[in-house]
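Just below is one structure, and these are the notes that go with it.
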Amino acid sequence: MTDAEKSPAPRHGVARVISKLGLGSRTQAVQWIREGRVRVNGRVVRDAEFPVRQDLDRVSVDGESQAAARTVVMLNKPRGLVTTTKDEQGRDTVYRCFQGAALPWLAPVGRLDKASEGLLLFSNDPAWAASITAPETGLEKRYHVQISCLADASLLKALEQGVDLIRAKAARCLRSGAKNSWLEIVLDEGRNRQIRRLLAAFDVSVLRLVRIAIGSLVLGDLPKGRWRALTDEEINALTPKRHA
């Protein structure tokens, strides 16, 4: 008995397989399947849950079956854009920044809320993206945050001690004006709206929030609303060893 007979390849729905191959999102895949653009082993399928063995069956979209090469880009996200492919309320999304670009399908790696700005990653490799955002990865994320009051040592200490399981790994004051301060806050986890919730617990409002670094990757002087592809060296520096 062969190894394949002993351990048959697992089957997954064809829409999921298309997403894992980096050919498109699962939502896009469902639409393509409905339109008859997807074939498995040369036969058109119209069921998004049609079982496929990714390592054995040939899946193609419009004749394209080769898994796309991993692409990772960084965007300097402006305020006012939502991090989603399509917004039900008709708001502008981050994909406005990629209009006209010759890029494969890309999905956000993590999030920045509408009011936040700065470094945001995109990739066509869902497994790699999941490894980057996993809590156990421990990639530090660095933010510059303008707050509605003057920062003092007690506030910085309180942010690092945290509240309700939310904390900053590090917090320091960058500069202060007459009525507000800029802080640098470092996180090693990625909870939803974590900085805003943490500061709100101490009755402090966020005026601006800019992500300036993820791990060793720094936003630098990339203009707002512009993007660039990461080099292989930059991707490797972010990639956990088991996903390299």
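The values are calculated or read from the model by the stated rules, or taken from the named source; none is laboratory data. Worth saying up front: this structure is predicted, and the values here are computed from it rather than measured. Methodologically, a virtual Cβ is constructed for each residue, glycine included, from the backbone with ideal geometry; neighbour enumeration extends over all protein chains shown.
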task: Kindly provide the set of residues from the range 171-181 that are buried (at least 16 other Cβ atoms within 10 Å of the Cβ) and without any contact (Cβ under 8 Å) to a residue 24 or more places away in the chain, ordered by number.
output: ALA171, CYS173
task: Output the number of the condition that SER154 fails; it satisfies all remaining conditions of (1) assigned to a helix (DSSP H, G or I); (2) in contact with a Cys (Cβ under 7 Å, 6 or more places away or on another chain).
output: (2)
- prompt: Since GLN146 meets every condition but one in (1) under 23 Å from ALA107 (Cα atoms); (2) touching a Ser or Thr at 6+ places or on another chain (Cβ under 9 Å); (3) of a type outside the set (Phe, Trp, Tyr), which condition does it not meet?
  reply: (1)
statement: Cβ pairs under 6 Å, 6+ apart or interchain, first in the range 29-50 and under 21 Å from ALA107 (Cβ atoms), second aromatic (Phe, Trp, Tyr), ordered by first then second residue, are VAL38/TRP32
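Does ARG191 count as in a loop (DSSP other than H, G, I, E, B), closer than 25 Å to THR133 by Cβ and either of a type outside the set (Ser, Thr, Tyr) or not assigned by TED's automatic domain parsing to the domain that holds SER116 (or both)?
Yes; evaluated as a whole, the condition is true for this residue.
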- prompt: Any idea how many residues of the range 50-84 are at pLDDT 80 or above, farther than 18 Å from HIS12 by Cβ and either of a type in the set (A, V, I, L, M) or touching a helix residue (DSSP H, G or I) at 6+ places or on another chain (Cβ under 7 Å) (or both)?
  reply: 9
- prompt: Which ones in the range 160-193 are touching a strand residue (DSSP E or B) at 6+ places or on another chain (Cβ under 6 Å) and closer than 21 Å to GLY215 by Cβ?
  reply: GLU160, ALA168, LYS169, ALA170, ALA171, ARG172, LEU174, LEU183, GLU184, ILE185, VAL186, LEU187
message: Quick check on my filter: what residues within the range 72-103 are surrounded by 15 or more Cβ atoms within 10 Å (Cβ to Cβ) and out of contact with any strand residue (DSSP E or B) (no Cβ under 8 Å at 6 or more places or on another chain)?
response: TYR95
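Yes/no matrix, rows are residues, columns are (1) in a strand (DSSP E or B); (2) among the hydroxyl-bearing types (Ser, Thr, Tyr); (3) in contact with a Phe, Trp or Tyr (Cβ under 8 Å, 6 or more places away or on another chain):
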| position | (1), (2), (3) |
| --- | --- |
| ILE195 | no, no, yes |
| ARG211 | yes, no, yes |
| ARG228 | yes, no, no |
| ASN236 | no, no, no |
- prompt: With respect to the numbered conditions (1) under 12 Å from the mean Cα position of the chain (by Cα); (2) under 30 Å from GLY177 (Cα atoms); (3) of a type outside the set (D, E, K, R); (4) surrounded by fewer than 22 Cβ atoms within 10 Å (Cβ to Cβ), which one is the sole condition not fulfilled by ALA153?
  reply: (1)
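Residues checked against (1) within 30 Å of VAL72 (Cα to Cα); (2) out of contact with any Asp or Glu (no Cβ under 6 Å at 6 or more places or on another chain); (3) surrounded by 14 or more Cβ atoms within 10 Å (Cβ to Cβ); (4) of a type in the set (S, T, N, Q):
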residue: ALA130; (1), (2), (3), (4): yes, yes, no, no
residue: THR137; (1), (2), (3), (4): yes, yes, yes, yes
residue: ARG142; (1), (2), (3), (4): yes, yes, yes, no
residue: VAL145; (1), (2), (3), (4): yes, yes, yes, no
residue: ALA168; (1), (2), (3), (4): yes, no, yes, no
residue: ASN192; (1), (2), (3), (4): yes, yes, no, yes
residue: PHE202; (1), (2), (3), (4): no, yes, no, no
residue: ILE212; (1), (2), (3), (4): yes, yes, yes, no
residue: SER216; (1), (2), (3), (4): yes, yes, no, yes
